1. Taking only the alpha-carbon positions of segment A:1-105 and ignoring solvent, what does the Debye formula give for the base-10 log of I(q)/I(0) at q = 0.17, 0.21, 0.22 Å⁻¹?
2. Would you mind checking the radius of gyration and Dmax of segment B:35-74 based on alpha-carbon positions, in Å?
3. Could you please report the charge total around B:V9, scoring K, R as +1 and D, E as -1 over all other residues with beta-carbon less than 14 angstrom from its beta-carbon?
4. Compute the longest continuous run of chain B that contains no exposed GluC sites (Glu not before Pro); treat a site as exposed when its DSSP state is not H, G, I, E or B and it has at most 12 other Cβ atoms within 10 Å.
5. Among all helices in chain B defined by DSSP H, which have a length of 30 Å or more along the axis from Cα atoms plus a Kyte-Doolittle mean of at least -0.5?
6. For the protein assembly as shown, what D do you get in µm² per second when you plug the Kirkwood radius from alpha-carbon pairs into Stokes-Einstein at 20 °C and 1.002 mPa s?
7. Relative contact order, percent, of segment A:60-280 when contacts are C-alpha pairs under 8 Å separated by at least 6 residues?
8. Short version: what are the Cα gyration tensor semi-axes of chain A, square root of 5 times each eigenvalue, largest first, in whole Å?
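Please treat every number below as a calculation from the coordinates, not as lab data. Note that this is a predicted model, so its numbers are computed, not measured. With ideal geometry, Cβ positions are generated from the backbone for all residues, glycine too; neighbour counts draw on all protein chains shown.
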Amino acid sequence: MTRRSPSQTIMIYSLALLLGAVLLAPVLWLFIMSVSSTRDLTALPLTWIPETISLENYAKLLGGGGSTVAESFLTALRNSLIVALSATAISLAVAVPAAYSFSRLPGRRRKSLLFVAIATFMMPPVAIVLPLYAMMGELGLLNTHLSLILVYCGILVPFTTWLLKSNFDGIPMDLDEAPIIDGANRLQVIWHVTLPIAKPALGAAALMAVLMAWDEFFYALLFTNDIRAKTLPVAIADFAAGRVADYGLISAAGILATIPPVALAYFLQKSLVSGLMSGSVKG
Amino acid sequence: MTQMSKTTVAWYLLAPMMIIIVGVAGYPLIKTVYFSFTAAHLVSPDTSDQWVGLTNFLKALGNAKFRSSIGNTVYFVVFSVSAEILLGVLVALLLNQEFHGRTLLRALVILPLALPTVVNAMMWRLIYGPDFGALNALLTQVGLLAEYRSWLGDPSSALTMVALADIWKNFPLVALITLAALQTISRDHLEAALLDGANAWQRFWHVVFPAIVAPVSVALVLRTIEAFKVFDIIYVMTRGGPASSTKTVSFHVYQEAFAYMRVGSGASYALIVVLISAALIAVYLKLLQRQGETA
């Protein structure tokens, strides 16, 4: 069907090249900056390809050696990992039974509750951040991982519930009946029947949750102000705001913060796309 | 052993979720409403009992800076979301064609989405740099620009440049959603249109458009809700400057409450933002419901 004229073919390939360049160029430049010396980056006119390539910035960030830069970067990395993984694990544990309930045991009021849940994670954070800040202060939780884990659960639980619900809807209900008749309770059904079938969806939900938590900035900025719990986005914003504009170092920090989510996204590309789809288009 | 009724089981399974929603969102939201009627101050807790009635709201609505932050937000939302939809649909149409390297390009589309928001903001801030930025270097070297400009330092261009960085990161989401919809169009359908002598525009209008309009409108509303909340990218790129030209409503609330420490007044601004968001979210839920019914 698609017999194209040569001019159409040329157009398609030029547009494809243009798109590739637009997608890749900024990130490629970030990488080049990260391996360049300040001298090359501040040369006028800019030469694009650095004279010397050095991994010095990466060594500074990762090398430790007691430098404050390495210390703040590595602890932020660790904080981000702890917060993102804990929040994801808790959220899934809460979201799976909830999604099952919405999908298998529907009711009018529960249907409205699903919409309340969706509205919850779409609400602007400014709507709740002031009381949350006060509450965390009273509980002595500011500057702790727990404060961020709790708040992220508030976003991730409704989100993953919704993702999983739309997936559970696609699993035939008959499968639940036999074990129920045999006297299994619903939690056993979820564990032995639903989850094994829904593994890909669970993977997609976990992936989306980790990416969202890894990316979160607003609460992290407000609830943490030292290395005890400061996450990577906040540390990078600090680097970028520093008085000494070390472009190479900032870029290297950016590249390092990008590697985990990009690796995850590509490793689980299919899950990501299906997660994005069901997370935005299905009710 | 007596069996619990289905309804009881259903609510038990939902209980942990409801506790989290109420604890982390519901209760704080009610507290925000309470704060908005008080003179609460960030570092002196006793002030949260000082009832001031509607004073905060009256001040908020009369505040010219807040009104201009609403204007900035509307500009940001309209410009970035419409560009994201337009680019996203065009890119999806391209990626739906057959050509060598298509798989690679489809994978590459994910890159901006996976890039952390703060890294994206920092990356573009460096690219826009007034003294050594790559954008200035590129535009002067190809002869499009006579001398280096301070893209983010100029109130007339700063917000547009921030929006461009946002567009780069988010048009791929629209592209992926649209592409998934395009892939549901059967070849027979397109061929039938072709045999009927439909030209490219007619094929788009009668076959492609009906297939993508629902998911694209969902993406449109979803992006609008997200763009309306914009904070991270502004904080990292411009901190609301220069001359408040990139100050959006979220940033305004942040400043009022955490820089000026006026929690009561910040809460009243926040509630106005929530009301606007709530209207957008209602539209979104309506669309979802309608799709759920037709699907």
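1. Each listed q corresponds, in turn, to -0.93, -1.11, -1.15.
2. Looking at segment B:35-74, its Cα Rg and Dmax stand at 12.6, 37 Å.
3. Combined, the nearby Lys, Arg, Asp and Glu give +3.
4. B:148-295
5. Membrane-span-like by this criterion, though nothing is claimed about a membrane: B:64-95, B:158-182, B:263-294.
6. 84 µm²/s
7. 32 percent
8. Those come to 41, 29, 16 Å.
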